[in-house]
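To keep things clear, I will list the structure first and then write my remarks on it.
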Protein chains: 4
Amino acid sequence: MIRFECDYAEGAHPRVLEFLTKTNFEQTPGYSVDPYCEKARGIIKKLCQSDRAEVHFLVGGTQANTIVIESILRPHQGVVSAETGHISVHETGAIEATGHKVLTLPSEDGKITAAQVREVYESHWNDPNAEHTVQPGMVYISNPTENGTLYTKKELTELSEACRSLGLPLFLDGARMGYGLAAEGNDLALADIARLCDVFYIGGTKVGALFGEAVVITDPSLQKDFRYMIKQHGGLLAKGRLLGIQFMALLEDGLYFEISEHADRMAMKIKAAFEEKGYAFLYESATNQQFPIIPDDKLEVLKKKYAYSFWKRVDDQRSAVRFCTSWATREEDVELLLEDIRSL
Amino acid sequence: MIRFECDYAEGAHPRVLEFLTKTNFEQTPGYSVDPYCEKARGIIKKLCQSDRAEVHFLVGGTQANTIVIESILRPHQGVVSAETGHISVHETGAIEATGHKVLTLPSEDGKITAAQVREVYESHWNDPNAEHTVQPGMVYISNPTENGTLYTKKELTELSEACRSLGLPLFLDGARMGYGLAAEGNDLALADIARLCDVFYIGGTKVGALFGEAVVITDPSLQKDFRYMIKQHGGLLAKGRLLGIQFMALLEDGLYFEISEHADRMAMKIKAAFEEKGYAFLYESATNQQFPIIPDDKLEVLKKKYAYSFWKRVDDQRSAVRFCTSWATREEDVELLLEDIRSL
Amino acid sequence: MIRFECDYAEGAHPRVLEFLTKTNFEQTPGYSVDPYCEKARGIIKKLCQSDRAEVHFLVGGTQANTIVIESILRPHQGVVSAETGHISVHETGAIEATGHKVLTLPSEDGKITAAQVREVYESHWNDPNAEHTVQPGMVYISNPTENGTLYTKKELTELSEACRSLGLPLFLDGARMGYGLAAEGNDLALADIARLCDVFYIGGTKVGALFGEAVVITDPSLQKDFRYMIKQHGGLLAKGRLLGIQFMALLEDGLYFEISEHADRMAMKIKAAFEEKGYAFLYESATNQQFPIIPDDKLEVLKKKYAYSFWKRVDDQRSAVRFCTSWATREEDVELLLEDIRSL
Amino acid sequence: MIRFECDYAEGAHPRVLEFLTKTNFEQTPGYSVDPYCEKARGIIKKLCQSDRAEVHFLVGGTQANTIVIESILRPHQGVVSAETGHISVHETGAIEATGHKVLTLPSEDGKITAAQVREVYESHWNDPNAEHTVQPGMVYISNPTENGTLYTKKELTELSEACRSLGLPLFLDGARMGYGLAAEGNDLALADIARLCDVFYIGGTKVGALFGEAVVITDPSLQKDFRYMIKQHGGLLAKGRLLGIQFMALLEDGLYFEISEHADRMAMKIKAAFEEKGYAFLYESATNQQFPIIPDDKLEVLKKKYAYSFWKRVDDQRSAVRFCTSWATREEDVELLLEDIRSL
């Protein structure tokens, strides 16, 4: 079985493991105040071209989303998100568990627009019974989205301007950040994201690390006491240096971007093969997730050798599925898949 | 600087890293349903002599405590704990953040007794205004405790009997489980703990793993939907196998117990040296944490070469401090310390 | 200004005030364990034909909804509701504030069906990643709904059967219970509701009381420790007898049903007048809330003398509005309105 | 049975009922934006000599405490309180249910000092692991306290200065405010309290109203969106005017202060009688709650005619009990009691 069903099927990039092994017996203080974390923070701030940013390392994405959001909102506020947003559907109500409603916006492709944000804001504040409803308190997006789609610099700029004019902090979930930055056609650099968002994270779990997400808080007014929030949510790793070490390994020489580019390239090959075959796609994605719509009898053939994710039934003969590549995807596995696609 | 200030200053036992490296490129499903987690679960159930136990792997202790406790209590219930319990003082209110009060009992040495549990229970239920107060819903202990002390089999049996007769699930925090099991004079086996407690965990973070705690739920009535709780609290590691692999490495050949025994032996050497010097101890500990009471001028000397934790001021000339050993403590470092103690 | 904008514009039915005044200087124990509350409980249980029911008195509806729902759900569960449900839109996220997601179902008229409940249940349990999503834990409906519509006995029976077969407690919000029971065409008696639902409440605030909702828990497995939950949420009124006294006044001689019938009759007059005028209605309601769709220029006329609620814009010339009657609506005010409608 | 066990055994002062009856059929908007609430707000702001204060009306004390505290704290913060504070022991964990720890300070008489507040603050901020503990975020006191004791102007001024210099909002629970203001020896006026505290409430439930607490937020930085918090916690009474009307009745002509003075005077008579008898008191109280220490055989005699509250066992022959007077206490009942005390 060759696995394309997700981007976390393997361990870590060898350089990560080497670095962990090399530093294994050094003694450092716990809880991410060690020299490795410090160094990784410096690298990230430089990549983000932001001196005033604060960088925190967390183990996983649900944790990152929950802690950031709870840290920002007051109790009566909710977070605006696409209805397909990870926080809305795939975190077992983690946001609600901290007391906050997710205020969902309709979305075809996983993205939301500045106009939608303005509308939900105005609709709240124009309601004479606004106090009886949840107040929009911030905006959550992901890039790439759950559907593999990307914001353009123009779109993100508009969204950012809308949020800032309305006083709503903008939070970008970058669990697959690398695959977005490396994608063909992407026009957003990390420094753009740092400039346009108030807080975001650079995902490690799905891009070469064993685990780890680097939360970057660029808005100083959101930085206060963030470590308390991490600890309260069980997110302060005792051996915090493991996170610093991994992000150093990935970021100090550009490895993160190289391996992301590899994953995207592998995805484009798969995409092209399905296109050649005449299959449509559920979403138009330039990143490591591809959502071809495939006749069910053909899927029967593919599933003998390949693991993929079922996404949704499109009609009574076809289903949309997800093929995922990653930093670890082997070109020879992709070639095998391409052959099998062609001969479907 | 030689660090004795905690038991998580290094990475992991080399065998753990080797195993992680060896399996690195295998593809497995995520979220701890892979073969390594399955195998580790089997080993743990066997060690616990419990077929009906359910085993879950979490990243850290605060997470384990929070998820277990929230999973058990109804909203109006609280968890009974020694006032020195980790959940009461060192987790930034993580338990309260899930809506529950920690009902504290006084404790000199970190332990609580069956009699205390009976008393808090009866005092609640005899109160005509019981409904205006938090209802005791479960009992939390740790073994070893925060103070390095251990429950005897007799004590734990009595506590277990009290809890069961009162309908209060008994939860044992085993973040330092190994150092307790390996301690001289300890008469509790893992299977005793599994039999006497309703849920507990075997700590990996402080005993040879990079990170990881194995939660064992022996009471079937507490097992329902536990994975939802893990996910909701951001505790479901995407690459869950990293936990299974580590616990396999530590437990399949008894490595966990060997390295724990080493740490305790190192601690006993340090203890003996302080005793010879005529220093008293804040707590009587047979485990890897030692709490000598040391004149401040002597501490000035020690702190030039050694990191330890300040615990509390005892009088105006002496302070209690903590020296911690671990699986990683090097015998030559201990010998250096012993010499320096002797020449104080 | 004559107010038809809600059903809580006045104080209480005079008999309620008389009874409060008459008993004013009696001394009773606090917190709803007094003889008046006991007597009111007896009356309600008799009306519900349920010996095993437990009755609790709360001050308001948001409180009742929140306490009932939090009392039933485990942390990872959510409550299924119509998307228009009061708990979903008009309680400032009170349910989320207790940690639970509201799982919404589409609804045209405010009602949900047995089939919808089965579908949301099956869709959850058939999801291979169910643990990453909120588990349906109970079902919330209101009768009359927010839109004034009513469940038929057949519909409620089917819903009840679905819920019971799936293990989902069924909770009915009866803030306007009286107006539903008294409506023309209604075929549900209070005893039917008690038999088909697991918990529900009889609204007093909108039906003749100063304030107060009587929560009836018919399923014994949901009764445990409910008073703790009330206290924790600030719902245990010190002078609890005020609630018992009001419900006695309303229920011991059928006053509740009489005044409800009056309100519905007044509403039917208004409805007929709008119908005669050829206006359509947003929802088909036989209860005290009517939602006519009215040309904006005609609304301009009406609003000079009458307060009503704006509901939604239907097209660029017409809006749906709500006219509400209540136990206190004066027939002469309605006659005035009818005249003005006719001469629009 | 003559009841002295609490101060909420009767209904309301007749003037309150009269006012409710007189206004009963007026139509007003809901949710406390009616003219009566507006007028009551004006009266209160005048009494408090504070133009910038914001006044909100809530039904009960637990609700007031919970909403005020949750509104102020960030998730990782706790509220500092005497260990005997109502929020710490008698609200079924309502504060913890909103996610916050109550940080308790030892107290003999129910009061806390500026020095204690400074100490808990410094002890937190001097802790190198402060982030692992709950951060003090505000201070809660009550006046009169649970024990009937009173802060002097000097004490409250010091506390206020400490809180302001440390950035900790000071919140005063005035559930029995009237009985404090009217007490012999009290040197605090309402305007002092308004000036020295950042938020407080004037209790109605125990001082002449059917129910109701008037929350006064004097610090503008704590006022934002408070009504959302009220609604979310089910505290926004539909017929909000009932609260405005009651506070108008109590405050517009000084009735509140007269009836408070009556209750205190009755309490002083009871106090004197016990003193003459040579009985000691658990706390020294000049307000409506008295805590005599009485031989158990004498209690046996008293309890045949009088209801009082058991407080605590003092030794094997004596118990401390509470006798409570109120606005409704009849002088003839007190005279009966005095006689019976004398003849013990």
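FYI, it's all coordinate maths here, none of it is from the lab. Because the structure is predicted, anything quoted here is derived from the model rather than measured. Here Cβ is always computed from backbone atoms with ideal geometry, including for glycine, and neighbour counts include all displayed protein chains.
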Worksheet item: Inter-copy label distances at B:Leu336, 7 Å along the Cα→beta-carbon direction, one decimal in nm, shortest first?
Response: 5.1, 8.4, 9.4
Worksheet entry | Counting DSSP beta bridges with both ends in the stretch B:14-253, the antiparallel % (nearest 5) | 40
Worksheet item: For chain D, modelled as a Gaussian network with Cα springs under 10 Å, which listed residue fluctuates most, D:Ile294, D:Ile69, D:Ile270?
Response: D:Ile294
Discussion item. Give me the mean projected area, in nm² to one decimal, of the convex hull enclosing the Cα positions of the stretch B:136-214.
Written reply: 5.2
Response to the item:
Under 5 Å from the placed amide H of A:Thr92, counting only residues 5+ away or on other chains, we find C:Thr133, C:Val134
Practice prompt. Quickly estimate the mean residue ellipticity at 222 nm for chain B, helices only: each DSSP H run with n ≥ 4 gives -39500 (n - 2.57), and the total goes over all residues, rounded to 500.
Written response: -12000 deg cm²/dmol
Worksheet, complete the sentence: At R0 = 60 Å the Cβ-Cβ FRET efficiency linking B:Ala191 and C:Lys39, nearest 0.05, sits at 0.55
Item to complete: Note the distances from C:Gly278 to each other copy's matching label point, with points 7 Å along the Cα-to-beta-carbon direction, in nm, sorted shortest first.
Response: 5.6, 9.7, 11.1
Worksheet item: Dipole magnitude of chain C about its Cα centre, charges +1 at Lys/Arg Cβ and -1 at Asp/Glu Cβ only, in debye to the nearest 20?
Response: 720
Worksheet item: Using the Cβ atoms and a cut-off under 11 Å, what net charge is assigned to the surroundings of C:Gly11, where Lys and Arg are +1 and Asp and Glu are -1?
Response: +1
Fill in: Positive minus negative residues near C:Leu166 (Lys, Arg vs Asp, Glu; Cβ under 14 Å)
-3
Discussion item. Which one, C:Thr157, C:Thr325, C:Thr98, has the greatest fluctuation when you compute a Gaussian network model over chain C with C-alpha springs under 10 angstrom?
Written reply: C:Thr98
Worksheet item: Distances from A:Ala115 to the same residue in each other copy, label points 7 Å out along Cα→Cβ, in nm, shortest first?
Response: 3.5, 6.7, 7.5
Worksheet entry | C-alpha center-to-center spacing [the stretch C:143-221, the stretch B:54-89] in angstrom | 38
Worksheet item: Summing Lys, Arg as +1 and Asp, Glu as -1, what charge do residues with Cβ under 11 Å from the Cβ of C:Phe274 carry, C:Phe274 excluded?
Response: +3
Worksheet item: Toward the positive end of the charge dipole of the stretch B:14-253, about the Cα centre and with charges on Cβ (Lys, Arg +1; Asp, Glu -1), which of B:His90, B:Gln116, B:Val59 goes farthest?
Response: B:Val59
Worksheet, complete the sentence: Largest-first semi-axes in Å of the equivalent ellipsoid built from the Cα gyration tensor of the protein assembly as shown are 53, 44, 27
Item to complete: Could you rank the peptides D:88-94, B:101-107 by their average count of other C-beta atoms within 10 Å per residue, with the highest value first?
Response: D:88-94, B:101-107
Worksheet item: With all pairs of different alpha carbon atoms counted, what Kirkwood hydrodynamic radius in Å does the stretch C:52-151 show?
Response: 14.2
Worksheet item: Whole-Hz Karplus ³J(HN,Hα) for the stretch A:130-145, in order, using 6.51 cos²θ - 1.76 cosθ + 1.60 and θ = phi - 60°, x for Gly and Pro?
Response: 3, 4, 8, 10, 6, 7, x, x, 5, 10, 10, 9, 10, 8, x, 6
Worksheet, complete the sentence: Candidates A:Thr133, A:Thr149, A:Thr66; GNM for chain A (alpha-carbon contacts under 10 Å) flags as most fluctuating A:Thr133
Practice prompt. For A:Phe281, list long-range residues whose amide hydrogen, built 1.01 Å from N in the peptide plane, is under 5 Å from its own amide hydrogen.
Written response: A:Ile293
Practice prompt. Enumerate the calculated ³J(HN,Hα) couplings along the stretch D:109-123 in order (Karplus 6.51 cos²θ - 1.76 cosθ + 1.60, θ = phi - 60°), each rounded to whole Hz, writing x wherever the residue is Gly or Pro.
Written response: 10, x, 9, 10, 10, 4, 5, 5, 5, 4, 5, 5, 5, 5, 4
Item to complete: Assuming R0 = 60 Å, can you tell me the calculated FRET efficiency for the pair D:Ala130 and C:Ser123, based on Cβ-Cβ distance, to the nearest 0.05?
Response: 0.85
Worksheet item: If you put +1 on each Lys and Arg Cβ and -1 on each Asp and Glu Cβ, how big is the dipole of the protein assembly as shown around its Cα centre, in Debye rounded to 20?
Response: 0
Fill in: the stretch D:69-116, Rg to Rh (Cα coordinates; Rh as Kirkwood inverse mean 1/r)
0.97
Fill in: Unit charges at the beta carbon, dipole of chain B: most positive-side option, B:Tyr228, B:Ala182, B:Gln290
B:Tyr228
Fill in: Axis-nearest residue in chain C [Cβ, rotation onto D], distance in whole Å
C:Val59, 3
Fill in: Net charge dipole size for the stretch B:61-200 [Lys, Arg +1 and Asp, Glu -1 on Cβ; Debye, nearest 20]
300
Worksheet item: Under 19 Å Cα-Cα from A:Lys298, which lysines qualify once same-chain neighbours fewer than 8 residues away are excluded?
Response: A:Lys269, A:Lys271, A:Lys277, A:Lys312
Response to the item:
The FRET efficiency for D:Glu161 and B:Asp296, from their Cβ-Cβ distance with R0 = 35 Å and rounded to 0.05, is 0.55
Worksheet entry | Zero-based 10 Å bins, Cα pair distances in the stretch D:14-254, whole percents | 8, 33, 36, 17, 5, 1, 0
Discussion item. Quick query: amide H of C:Val199 versus all other amide H atoms, modeled in the peptide plane; which residues come in under 5 Å with a sequence gap of 5 or more or a different chain?
Written reply: C:Leu170, C:Leu172, C:Thr218
Worksheet entry | Exercise: per-residue mean of other protein chain Cβ atoms within 10 Å, D:216-226 | 1
Worksheet, complete the sentence: Taking the alpha-carbon centre of each part, the distance from the stretch A:230-286 to the stretch C:303-344 in Å is 59
Practice prompt. For the stretch D:127-262, report the translational diffusion coefficient in µm²/s to the nearest whole number, using Stokes-Einstein at 25 °C, 0.890 mPa s, and a Kirkwood Rh over Cα pairs.
Written response: 151
